[in-house]
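Remarks on the structure that follows.
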Amino acid sequence: MEGELSAAPRRSSGLPDGGAGGDGGDSPSALLPAEALDLDGDEDDLEVFSKDASLMDMNSLSPLMPTSPLSMINQVKFEDEPDLKDLFITVDEPESHVTTIETFITYRIITKTSRGEFDSSEFEVRRRYQDFLWLKGRLEEAHPTLIIPPLPEKFMVKGMVERFNDDFIETRRKALSTFLNRIADHPTLTFNEDFKVFLTAQAGELSSHKKQGPGLLSKVGQTVRAVALSLRGVKSRPEEFAEMSDFIEAFSQKISLIDKISQRICKEEREYFDEMREYGPIHVLWSESEEDLVDTLRGVASCIDRCCRAMEKRLSGLSEALLPVVHEYVLYGEMLMGVMKRRDQIQAELESRLEAAAHKKADTDLLTAELGRLEDRLECANTALKADWERWRRSMRSDLTAAFRDAAARNVQYYEQCLATWESFLMSQTDLHTKEPSEDKP
């Protein structure tokens, strides 16, 4: 990929290919085609596409900015040729923990690797959701303009039963697994030291490592500074980043609408499925009081039962293959807006110092050195974002295309099964009525 900087070490091979994630997609310049997200223009829901639609505020993100240009140069390497996978991560066995203070879930994380920088080829640790939040924050601090995979939202407690039901735990487990495997497949994030510690350190070691991070006062200072720069804003983004920002806004609006519609469709079809399941037993009961229609009514009940099983399989597939992918990219839209804010913060800081230099508000020699450092930081941040942006677009296009094709194939299979079931039943009834007159003849 042209214009990209290379520094991350090449991963070694030694394990069979497998695991989750991966780039996929077409050429680096391939955008998500408009028709892939276009919906019927007559839909009332398309009012969401208004430019005035509010997007999630990301001012709360205020990570540390790397002070060394070399540290940012070293974070960028994107190869056109795929490397053999050498890091496999499994998230399983959720376990509930109840203390006098809180109740929480931990997940077992098994890591298998052939990398030389790891002390062993296999690790097993347990982590809770707060540990995943810590890892995400550390990655944002170390790589402010790389696109960090999103975590599932923090659950808003409505009741302990709802919070820890099996469906919620399983959904979160899959999302956490996707989060870790996307990091493992990222050419830069996969070599982050905090990621390695997260995968290998036991609970006590991880707690000690967390304490080595930025102190509370430092974080408060960063937050105040980031908010001030955010309010100040930038004079003008470079054209390519302005286009990137426009794409993110339009993409976020469309994918959010698709997410809402998909959730609504699945909910309504689940309700339809629950009602349809009751018709089979009703026809069986009916047949007991209709001697002349016993076979016909039981045949209808059998057809309904087969269609219900096909529909249950289809809904299960949609819930596992389509909805999580669409919702993940809703969260990606929020992450991307945060990345753009962090890039703008670096540019705003440079513009602020340039303004001070123009008015000679500070020591000229110190300003010259600082300006050089800020210019290097901005250039490296821009390079990192542009490279990661191309990689993300390929992955996004591949993931969404696969998810919608899978959903379409499941729909076609379901309707073909239902059609074949009812056609077979009707043929049997036609044959039955054809034979009856001849049997009645003397």
### Message
Where the second residue is modelled with pLDDT under 75 and the first is closer than 28 Å to residue 102 by Cα and lies in the range 142-161, which pairs have Cβ atoms under 7 Å and are six or more apart or on separate chains?
### Response
155/163; 157/163
### Query
Take the residues of the range 255-311 that are among the acidic types (Asp, Glu) and closer than 30 Å to residue 325 by Cβ: which is farthest from the chain's Cα centre (by Cα)?
275
### Message
Give all pairs with beta carbons closer than 6 Å in which a residue from the range 342-363 that is at pLDDT 70 or above meets a residue that is charged (D, E, K, R) and crowded, with 18+ Cβ neighbours inside 10 Å; count only pairs at least 6 apart in sequence or on separate chains.
### Response
346/377
### Query
Mind checking which residues of the range 279-301 are free of Cβ contacts under 8 Å to residues at least 40 places away in the same chain and aliphatic (A, V, I, L, M)?
282, 284, 285, 293, 294, 297, 301
### Query
For the range 83-110, which residues satisfy the criterion of being more than 22 Å from the chain's Cα centre (by Cα) and free of Cβ contacts under 8 Å to residues at least 60 places away in the same chain?
95, 97, 98, 99, 100, 101, 102, 104
### Query
Residues 178, 113: which one is at pLDDT 90 or above, more than 22 Å from the chain's Cα centre (by Cα) and outside the structural domain of residue 347 (by TED's automatic domain parsing)?
113
### Message
Of all residues being crowded, with 21+ Cβ neighbours inside 10 Å and among the hydroxyl-bearing types (Ser, Thr, Tyr) in the range 316-343, which is farthest from residue 239 (Cα to Cα)? Just the residue, please.
### Response
329
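The values are calculated or read from the model by the stated rules, or taken from the named source; none is laboratory data. As the structure is a prediction and not an experimental result, all values here were calculated from the model. Ideal geometry is used to build each Cβ from the backbone, glycine not excepted, and the neighbour counts take in all protein chains shown.
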